Amino acid sequence: MHHVVLDEWSRRSSALHRFDPRAKFIVLVVFLVVVATTQRALASLSAALLLLLLACFAIAQIPLAAALRRAALVLPFIAAFAAACWFAGDPDRALALALKSYLSALAVLLLMATTPLPQLLAGLESLLLPRFLLTVAQFLYRYLFVISEEAQHMRIASLARAPRRRGSGMRRGLKEAGGALAVLFARSHARAEEIHRAMLARGFAGHFQTLTRRRFTGLDALVVATASLAVILLRLGAEGLAK
Amino acid sequence: MTPAIEVRGLSYRYEDGFEALRGVDFRLDHGESIALLGPNGSGKTTFVLHLNGLLNGAGSIEIGGLLMSRANLAAIRRKVGIVFQDSEAQLFMPTVIEDVAFGPRHQGLSPAEAADRAMHALATVGMAESAERAPYHLSAGEKKRVAIAGILVMEPEILILDEPTTFLDPPAQRALTALLAGLPQAKIVVTHDVRLARALCSRAVFFQNGIIVAAGDVEQIVARFDWDIA
């Protein structure tokens, strides 16, 4: 399971894993803004930032090839926009779009791979992100696995009763997928009700009380300052060289 | 002495019109354990959901002298802990320790106290080593233990166990039975597992079509309804 691999990475221990999630999140935002707003010298800046990210992955002891592959998952989504730019006669822009998206995805992946999601969400909550949204994200994360398992069971059950028919066209396939999706939705709904009951039975009254709150230390502040500065200086340097 | 649970004339109809309970009378004394036997769909689970105020049928329910009402709900939920059949639905927090601490945190304990109590409960069920693990990494037996810890941590007077041995392999069933037999709380055990009923309970009631049709010794009830596998 994809998110299980990520979960396993996020629970390793390295210097990067130990920093406060909020510190990492702030640096990520700086990184994303710097990447998104870069106009000139994108190629050299990208190379420098890529090296920086790879160094971080290495420090965090996360397999580089696997990380690079996972970040590439965003590429199909931006392919349409890049292709549109390309055919409109602006290949530079298409390339810039692909580069920026890939770097951004890799940076987000670095945060996710070095921070267990519960800690990340708790950190985001204390940065005043909407609690409701974070609760939804937490449940999604917790039950993604359960729902995908249910979907796999349904697939196996359907294959067991109807082994792949020859010539079963795309139309039939879509129809079956639609039916399966409806059942999956109904099951998820039933499960949501069960979970809600289990929560009520243990005193839930609409407000999540969690266990841990981290302290933002001086070291965390130093990390935010140096890492943000490094990213900004890299950009200024790349632009200076290009002049 | 007021009984631990006293139910009179409890009826409940689901939204789709199905009449799941049709006038149930039930009594549980302090420290006593009762098995709820009966065919699937006879109303056992619907009945126990009422004892924690999760369903709201007609009739009267008293838990340790407290009448089931909105005002008493929080106090009643502290007295009665339900371990659901599907642990997956019960373990909704990202890590084991956070899940077990969920109840105490929502009872108003501080994070440190809640974590303390949670670790203690996890030790009781033999799962202290797994505190930081994610629930989906656990086996079915481990999930059940953690779900039980999540209820024990709230220090209930009455434990309700809905089909606790389902999904477990025989060694895990044995271990769970031994664990449950060692817990001091009064218990209501919904089960098809006659061996579990014998090990935990002195009395049994038999549900059929939404009412209790018989009550008595576990052996008596099992024999009368031919309820043993063998």
Please work out if A:Arg40 is more than 15 Å from A:Ala107 (Cβ to Cβ) and crowded, with 18+ Cβ neighbours inside 10 Å.
no
Exercise. Would it be correct to say that B:Val194 is farther than 22 Å from B:Leu49 by Cβ and either surrounded by fewer than 17 Cβ atoms within 10 Å (Cβ to Cβ) or under 17 Å from the mean Cα position of the chain (by Cα) (or both)?
Worked result: yes
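Determine which member of the set A:Ala107, A:Ala98, A:Ala157, A:Ala113 is of a type in the set (A, V, I, L, M, F, W, C), open to solvent by less than 50 Å² (accessible area, probe 1.4 Å), over 22 Å from A:Glu8 (Cα atoms) and at pLDDT 90 or above. Reasoning before the result, please.
On the way: A:Ala107 fails: over 22 Å from A:Glu8 (Cα atoms); A:Ala157 fails: at pLDDT 90 or above; A:Ala113 fails: over 22 Å from A:Glu8 (Cα atoms).
Just one listed residue meets the conditions, A:Ala98.
Just checking, which of A:Ala60, A:Ala82 is open to solvent by less than 30 Å² (accessible area, probe 1.4 Å) and free of Cβ contacts under 8 Å to residues at least 24 places away in the same chain?
On the way: A:Ala60 fails: free of Cβ contacts under 8 Å to residues at least 24 places away in the same chain.
Just a single option satisfies the conditions, and that option is A:Ala82.
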Within segment B:99-142, the residues that are at the interface with chain A (Cβ under 7 Å from one of its Cβ atoms) and open to solvent by less than 10 Å² (accessible area, probe 1.4 Å) are B:Ala101, B:Phe102, B:Gly103, B:Ala114, B:Ala134
Counting only helices (runs of 4 or more DSSP H) wholly inside segment B:25-98, the ones holding at least 1 residues that are open to solvent by 30 Å² or more (accessible area, probe 1.4 Å) are B:44-50, B:73-79
Per the filter on segment A:183-207, residues outside any helix (DSSP H, G or I) and surrounded by fewer than 18 Cβ atoms within 10 Å (Cβ to Cβ) are A:Ala205, A:Gly206, A:His207
Of (1) at positive phi; (2) in contact (Cβ under 8 Å) with a residue 24 or more places away in the chain, B:Asp226 satisfies every one except (2)
Over segment A:175-223, the set of residues of a type in the set (A, V, I, L, M, F, W, C), more than 27 Å from B:Glu113 (Cα to Cα) and within 10 Å of chain B (Cβ to nearest Cβ) is A:Ala190, A:Ala192
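The values are calculated or read from the model by the stated rules, or taken from the named source; none is laboratory data. These numbers were taken from a predicted model, which means no experiment stands behind them. Don't worry about glycine lacking a Cβ; one is built from the backbone with ideal geometry, like all the others, and counts go over all protein chains shown. Calculation scope for accessible area: heavy atoms of the full protein, side chains included, ligands and nucleic acids excluded. Shrake-Rupley method; radii C 1.70, N 1.55, O 1.52, S 1.80 Å.
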